[in-house]
Amino acid sequence: MSVHRAAATGPHVLRRMNVAAVLAALREGDAPTARVTDLAALTGLSRPAVTRALGELRDCGLVEFTTAVGPQPLGRPAQYARFRAEAGHVAGVDIGPHKVLVMITDLAGQVLATHRVAVDRGTGGPRLFATVRAALTAAAEADVPLSSLWAVSAGTPGIVDRDRGEVLLAPSIPDWAGLPAASLLREWLQCPVSIENDVNLAVLAERRQGAAASSATGRRDGAGARTDCLVFVQWGRRIGTGIVIDGRPYRGNSAAAGELGFIDLMGDSGRVPGPRPADGMGPFERLVGAEAIHRLALEAGAPVGAAHDIAPLFAAAEAGDRTAVDVVERVAARFARGLAVLLLVLDPGRRRGRCLAGGRHPARTGAQASAIPHPGAGGTQRVGAR
């Protein structure tokens, strides 16, 4: 791993950048400890600069120095710096219309406590916020007090104003938009709290720890495509997209980038748009979302469960049921047309997806075998959810 930081003007800013570079190299390194020489090579900084940065990190409790275990050569023993992941804790909160999930980790991301609470259908914003508080409290009972939290990050469906810490639009959760969830949590927990669109967080996780993790180094994948441009599609009842361009999340001017569910592929171009449906579903979600898949399966006589449960459909398709396969391939063909819009406009190096429709993958049977012509690829590119 190589961690380099651009030079800055002014010694104070430069010192802070050096500290951040050393901390990143130590925290993200392959070994639990590192020597000054190792950190200098990883960061491109001089040994004195690394030593000063480690001293500042030690003073704030993030680093401790140790010596190697076992026989040592003659002379002064080498010192090793260790990142103190136990110095504090952070929490991640997954907020949705069906559940709230809390995970508390140490500063290295090791999960120490989790708590999940089911959310009743139609639960409104104030009651959902109370559930978030209760879930955080319950997770913290596992020997991780809330007072030890250094920061909290929450993911939620909808369009999110990160600067104000508010959800601007959340069709799937009544009365959630406009509720100052981040500031309320910040006041309660007395630590930094951020709120972000859940799929935007998912694409960052995919880039950091998933199949696109190599993008953090700007390397190329086996096909030669750059991996620092990434599209992540979450496919379930609703459809959302997380986008990374040149290694940075892209949210758009009004934080609405990636709302794939609102693309209209089948509408009449001459028709005057009517009022938005009460359920907030977009045209593409009505075409390929979980409810549409359930309806198509019922019409075809393919197996499905109750209340939009389409897991039986994909189980039957994987087992070779011809009717189920036909339904999945029909949906996959529709989905591939919408996905092609993203691929042709953004030309990402990686394409990954998460299917929430019954816990299975609608594209595994159909869309993985769908080929979309791509003018920049010298041929075709395979499209499908992971």
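The values are calculated or read from the model by the stated rules, or taken from the named source; none is laboratory data. For clarity, every value in this text was computed on a predicted model and none was experimentally measured. Methodologically, a virtual Cβ is constructed for each residue, glycine included, from the backbone with ideal geometry; neighbour enumeration extends over all protein chains shown. Heads up: the accessible areas ignore ligands, DNA and RNA and are worked out on the full protein's heavy atoms, side chains in. Shrake-Rupley method; radii C 1.70, N 1.55, O 1.52, S 1.80 Å.
For segment 143-213, what's the relative contact order in percent, using C-alpha pairs closer than 8 Å and at least 6 residues apart?
Relative contact order, segment 143-213: 35 percent.
Which distance in nm do the two modelled labels at VAL341 and THR323 give, with both placed 7 Å along the Cα-to-Cβ direction?
If labels sit at VAL341 and THR323, their model points lie 3.2 nm apart.
Please give the FRET efficiency for ALA211 paired with ASP59, using the beta carbon to beta carbon distance and R0 = 45 Å, rounded to the nearest 0.05. Walk me through the intermediate numbers first.
Working: r = 39 Å, r/R0 = 0.87.
Efficiency for this residue pair is about 0.70.
Go ahead and run the numbers for FRET between TRP150 and ALA315, Cβ-Cβ distance against an R0 of 35 Å, rounding to 0.05. Mind dumping the intermediate values first?
Details: r = 43 Å, r/R0 = 1.23.
Efficiency computed from Cβ-Cβ geometry: 0.20.
So how strong a dipole does segment 45-197 carry about its Cα centre when Lys and Arg Cβ are +1 and Asp and Glu Cβ are -1, to the nearest 20 debye?
Value, rounded to 20: 380 debye.
Considering Cα pairs under 8 angstrom that are at least six residues apart, work out the relative contact order of segment 92-196 and quote it in whole percent.
Numbers: 198 pairs, mean separation 28.0, N = 105.
It rounds to 27 percent for segment 92-196.
Considering only protein heavy atoms, what is the solvent-accessible area of GLU206 at a probe of 1.4 Å, reported in Å² to the nearest 10?
10
Given points 7 Å out from each Cα along the Cα-Cβ axis, report the ALA138 to LEU101 separation in nanometres with one decimal.
If labels sit at ALA138 and LEU101, their model points lie 1.5 nm apart.
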